[in-house]
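Here the structure comes first, spelled out in structure tokens, and everything after it is commentary.
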Amino acid sequence: MKNDKILIVDDEQSMIDFLDVLLRDEGYIVEASNDSEEAYQRAKLFKPDYALIDVRMEPKNGLWLLKQLKKRHPRLVVIMMTAYISVDEVVDAMKKGAYDYITKPFNITELRAVLKNAQKHIQHPDKTTLDKMEYQFDNFIGESKVMKNVFDDIRKIAPLDSTILVTGESGTGKELVARAIHYSSPRRNSPFISVDCSAIPETLLESELFGHMKGSFTGADKNKIGLFEASEDGTIFLDEIAEMPFLLQSKMLRVLQEREVRRIGSTESISIHARIIAATNRNLTEEVRHGRFREDLFFRLNIINIQLPQLTDRLEDIPVLVDHLLDKISQRLNKSKPALSANTLEFLMKYHWPGNVRELENALEHALIMEEGPLLDVSSFPDRIVNASKETGPIAIAGSLKESVEEYEKSIILKTLEDMSGNQFKTARKLKMTRQSLQYKLKKYELLK
Ligand SMILES: Nc1ncnc2c1ncn2[C@@H]1O[C@H](COP(=O)(O)OP(=O)(O)OP(=O)(O)O)[C@@H](O)[C@H]1O
Ligand SMILES: [Mg+2]
């Protein structure tokens with residue numbers, strides 16, 4: 001395909017010159033080297049889609065290079081070039097992961113045929129998804145102080161290689177954080193692989209993550225690379241890490257300590273280069289206390305922690321989020337973006353959003369589908385939310401939006417505190433906020449007696 005990158009390695013300059021001209025003509029981006037070790041170094045930056053490698057080279061031969069390259073770039077499509085067909089050599093090359101081989105001398109038609117065949121095996125990251133994701137950091141909305149701090153933290157940690165633990169309730173944007181880190185890091189052109197540890201059956205998770213060798217268990221009918229390997233120099237996002245089976249947690253610990261994986265059924269260790277980001281909506285300290293999560297793994301993962309606030313802890317973000325989500329949803333549904341009555345915004349700010357931004361997004365989508373006019377009305381929202389919102393009284397509009405929001409937040413806290421006879425613990429639980437953030441708000445609004 002046009003603009004695919006090809007690395008040529010041959011110790012014979014005339015061969016390099018021949019291939020260079022030919023492949024450039026075909027529209028490939030070409031880099032060449034006459035030395036295996038140098039070629040290996042170059043590949044790190046060049047990140048080729050294909051490599052055409054001569055078998056016989058000094059001092060390190062093509063098979064050595066093949067093995068090194070496949071270790072670091074498992075998805076690279078390698079075609080070996082050889083002057084004499086030696087069955088042993090070919091078998092060895094295939095075992096080490098070569099895709100095909102071509103015998104010298106070959107003509108342009110033969111080369112084209114081999115490359116055309118190989119093309120089918122290249123997994124191009126879908127350009128539109130890539131763009132969409134790159135865009136995600138811009139689509140990460142928040143004007144509240146807590147969210148601004150989160151954005152600052154992301155910018156600071158993105159360039160590092162450290163493991164990160166993202167915590168927060170369901171729907172608070174944990175995956176968005178992981179993607180924002182990846183796409184604003186130097187790893188952005190390498191894969192971002194997201195694994196939901198709760199969605200993959202226990203028995204399969206290990207082989208998904210670590211890969212397996214043919215015949216290592218019933219059904220393993222070919223070698224398979226694991227997701228750690230497939231993440232290459234990119235990022236692997238381990239979502240719902242608390243759901244990882246206890247036994248697998250110790251293997252995970254080894255990965256973090258040694259930066260190596262071993263495919264099931266293999267004795268060979270393969271180094272991994274991906275950055276690891278884990279996420280959970282559970283309280284891992286609690287999980288550790290109950291013996292469900294390994295403490296040593298927790299410490300390894302929790303090197304840098306990004307804690308996402310609940311939506312009710314940042315009511316001032318609701319107007320901007322609503323605006324952004326309406327844009328997104330109306331585009332998706334191919335409808336024109338409706339306006340919002342003051343009434344509706346007020347209503348949205350009264351609800352306690354246990355499902356956070358995801359629930360807000362779903363509610364808006366529901367409303368947008370139900371609403372036929374240009375103004376989004378309360379009646380278009382799901383009954384569940386409309387009814388829950390009615391439970392708290394009307395709100396007074398006081399000056400700026402921020403002031404109104406604060407006034408309203410204060411009144412909810414006060415009312416709940418009264419309902420709970422002044423018990424802060426119960427109040428925090430009812431409002432689904434942490435005790436600390438309740439205390440912070442109590443101080444802020446001078447509600448402490
Ligand atoms: N700050 C935000 N700005 C814009 N959109 C957001 C924000 N936070 C979350 N969203 C949107 O809300 C939805 C849920 O976000 P995400 O999947 O990242 O949450 P999560 O914390 O991983 O949730 P879960 O625990 O349920 O998997 C997504 O559609 C995401 O785009
Ligand atoms: Mg998620």
Quick check: pseudo-label points 7 Å beyond the Cα along Cα→Cβ at Thr163 and Asp17, how many nm apart are they? 5.3
Using the Kirkwood radius over Cα pairs of the chain, the Stokes-Einstein translational diffusion coefficient at 4 °C and 1.567 mPa s, in µm²/s and rounded to a whole number, is 51
When all protein chains stay in place, what accessible area (Å², nearest 10, 1.4 Å probe) is found for Asp383? 110
How far is helix 356-370 tilted, in degrees, relative to the longest principal axis of the Cα atoms in the chain, given as a value from 0 to 90 rounded to the nearest 10? 80
I need the peptides 206-219, 269-282 ranked by packing, meaning the mean over residues of other C-beta atoms within 10 angstrom, with the highest value on top. 269-282, 206-219
How much length is gained on full extension from Arg56 to Lys214, taking 0.36 nm per residue of separation minus their Cα-Cα distance? 54.0 nm
Roughly how much of Val91 is accessible, in Å² to the nearest 10, using a 1.4 Å probe? 70
Given Cα pairs under 8 Å that are at least 6 residues apart, what percent is the relative contact order of the chain? 11
Using a 10 angstrom cutoff on alpha carbons, build the Gaussian network for the chain and name the most mobile of Thr109, Thr167, Thr416. Thr109
Angle in degrees between helix 127-136 and the longest Cα principal axis of the chain, rounded to the nearest 10: 40
Using eta = 1.567 mPa s and T = 4 °C, Stokes-Einstein with Kirkwood Rh from Cα pairs puts D for segment 213-256, in µm² s⁻¹, at 104
Relative contact order as a percentage, segment 312-444, C-alpha pairs under 8 Å and 6+ apart, gives 23
How large is the accessible surface of Lys337 in square angstrom, using a 1.4 angstrom probe and rounding to the nearest 10? 80
Measure nothing fancy, just the Cα-based angle from helix 13-25's long axis to the longest principal axis of the chain, in degrees from 0 to 90, nearest 10. 50
Considering only DSSP beta bridges where both residues belong to the chain, give the percentage that are antiparallel (nearest 5). 10
I need the peptides 403-415, 231-243 ranked by packing, meaning the mean over residues of other C-beta atoms within 10 angstrom, with the highest value on top. 231-243, 403-415
Hull-based mean projected area of segment 1-65, where the convex hull spans the alpha carbons, in square nanometres: 3.9
So if I take the centroid of the Cα atoms in segment 333-376 and the same for segment 243-273, what is the distance between those two points in Å? 45
Could you derive backbone 3J(HN,Hα) for segment 425-431 from the dihedral phi with the Karplus parameters 6.51, -1.76 and 1.60 (θ = phi - 60°), listing whole Hz in sequence and x where the residue is Gly or Pro? 4, 5, 4, 4, 5, 4, 8
Paramagnetic label zone (point 7 Å from Cα along Cα-to-C-beta, Ala388; backbone N under 14 Å) in segment 141-185: 170-172
Hey, any idea what Rg/Rh is for segment 127-307, computing Rh the Kirkwood way over Cα pairs? 0.97
Mind listing the phi-derived Karplus ³J(HN,Hα) values for segment 58-65, rounded to whole Hz, using 6.51, -1.76 and 1.60 with θ = phi - 60°, and x for any glycine or proline? 10, x, 9, 7, x, 6, 4, 4
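The values are calculated or read from the model by the stated rules, or taken from the named source; none is laboratory data. The structure presented is a predicted model; accordingly, all values stated were derived computationally and were not measured. A quick note on method: Cβ atoms are made from the backbone with ideal geometry, for glycine too, and the neighbour counts reach across all protein chains shown. Accessible surface areas use protein heavy atoms only, side chains included; no ligands, DNA or RNA. Shrake-Rupley method; radii C 1.70, N 1.55, O 1.52, S 1.80 Å.
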